[in-house]
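Step one of this worksheet: look at the structure below.
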Ligand SMILES: Nc1ncnc2c1ncn2[C@@H]1O[C@H](COP(=O)(O)OP(=O)(O)O)[C@@H](O)[C@H]1O
Ligand SMILES: [Mg+2]
């Protein structure tokens, strides 16, 4: 059996007083997308930089595609591609000039580098902008060029560090498509993100990271089931049939049904089983017309709140000079351990 894409044990990295990464274990199988989800400052980039051999761990060990990141950094570098927040593209060069430069650095001849560069720029919808200087590119175009550049040589493993943070929804969807294409071509992708929705759309499994520690691991479905705060909102066509609809939903969902101020609207919190489809089917079978419905997903904030006891945006001061750095609110202890245990139990059954 080939080595997993990534195997990390007890990774630690401190910067002065900050324990940026505080004992991270990760096992990532080959193929597909593995997500690392966490708020700003959680330690995502530091984990990636250690795995990509750009930063030496203070403690712990990691193998990437079977090679030790400290003992065999060159072997690791030959097999990976890294892109993200620290891409070094040249602002004064055009898009294609940047691509050629990257290609030459990877050992391509001039013509071959240009050919491969154009091919990728076309694939990423950047052909029209090829001869434009990079400083005239939008954020989304830059992000795509950055990914394109790291694909000049098809990598076995690609690190994508927050590839969609701060870009518009259209570019975001394009980046998602690119990632799916990469995966179809056999590349393993390690994606960091602050967005639950992104992890949900792309990741086969994910680790939730906070204060430099993995606090939960599993499939997106398992994580959401732990949180279990999805909500279904239904609007019936005829307001006078709302009570009837409420009775049907109560029966199928086994949940408290909330009558919204809109006289046609009902909502219910969904449990981990998420029986939304059955609920809608039951309404249809009862002959109750549904004007529309919406399925609310738990937000990243809700996931965080449930897993950590604090909100994702409750960011501690960067330089924490108090003694509180390693501590968590005591209210967090229970949900964290419950969620983590449930997930690892599930994981063991694979
Ligand atoms: N080179 C560095 N020097 C000092 N502190 C750093 C450095 N890199 C990261 N940090 C700190 O380490 C913590 C984790 O940072 P980072 O890994 O960049 O988090 P994320 O990528 O999840 O936003 C933060 O508190 C950050 O300020
Ligand atoms: Mg980062």
So, first residue without any contact (Cβ under 8 Å) to a residue 12 or more places away in the chain in segment 62-74, second residue loosely packed, with under 15 Cβ neighbours inside 10 Å, Cβ within less than 6 Å, six or more apart or across chains; the pairs are none
If residue 8 passes every condition in (1) closer than 15 Å to residue 213 by Cα; (2) within 16 Å of ligand 2 (Cβ to nearest atom) but one, which one does it miss? (2)
Going by the conditions given, is residue 116 outside any loop (DSSP other than H, G, I, E, B) and within 21 Å of the chain's Cα centre (by Cα)? no
Pick from segment 9-41 the residues that are at pLDDT below 95 and closer than 12 Å to residue 192 by Cβ: which of them is farthest from ligand 1 (Cβ to nearest atom)? 37
Of the listed residues (45, 27, 83), the one being free of Cβ contacts under 8 Å to residues at least 24 places away in the same chain and under 19 Å from the mean Cα position of the chain (by Cα) is 27
Return yes or no: is residue 87 surrounded by fewer than 20 Cβ atoms within 10 Å (Cβ to Cβ), modelled with pLDDT of 90 or more and in contact with a helix residue (DSSP H, G or I) (Cβ under 8 Å, 6 or more places away or on another chain)? no
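If I ask for residues that are within 30 Å of residue 27 (Cβ to Cβ) and part of a helix (DSSP H, G or I), which ones from segment 219-262 would you list?
220, 221, 222, 223, 224, 225, 226, 227, listed by residue number.
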Out of (1) surrounded by fewer than 21 Cβ atoms within 10 Å (Cβ to Cβ); (2) more than 16 Å from ligand 1 (Cβ to nearest atom); (3) within 24 Å of residue 37 (Cα to Cα), the odd one out for residue 153 is which? (3)
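For (1) touching a residue at least 12 places away in the same chain (Cβ under 8 Å); (2) more than 16 Å from ligand 1 (Cβ to nearest atom); (3) exposed (fewer than 15 other Cβ atoms within 10 Å of the Cβ), each residue gets a yes or a no:
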residue	(1), (2), (3)
126	yes, yes, no
132	yes, yes, yes
135	yes, yes, yes
141	yes, yes, no
147	yes, yes, no
158	yes, yes, no
165	yes, no, no
168	yes, yes, yes
Reported set for segment 97-109 where residues are surrounded by fewer than 21 Cβ atoms within 10 Å (Cβ to Cβ), in contact with a helix residue (DSSP H, G or I) (Cβ under 7 Å, 6 or more places away or on another chain) and either modelled with pLDDT of 90 or more or part of a helix (DSSP H, G or I) (or both) is 104
In segment 24-83, the residues that are assigned to a helix (DSSP H, G or I) and within 16 Å of ligand 2 (Cβ to nearest atom): 44, 45, 46, 47, 48, 49, 50, 51
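The values are calculated or read from the model by the stated rules, or taken from the named source; none is laboratory data. On a predicted model such as this, the values are computed, not experimentally measured, just so you know. Neighbour counts run over all protein chains shown; Cβ positions are idealised from the backbone, glycine included.
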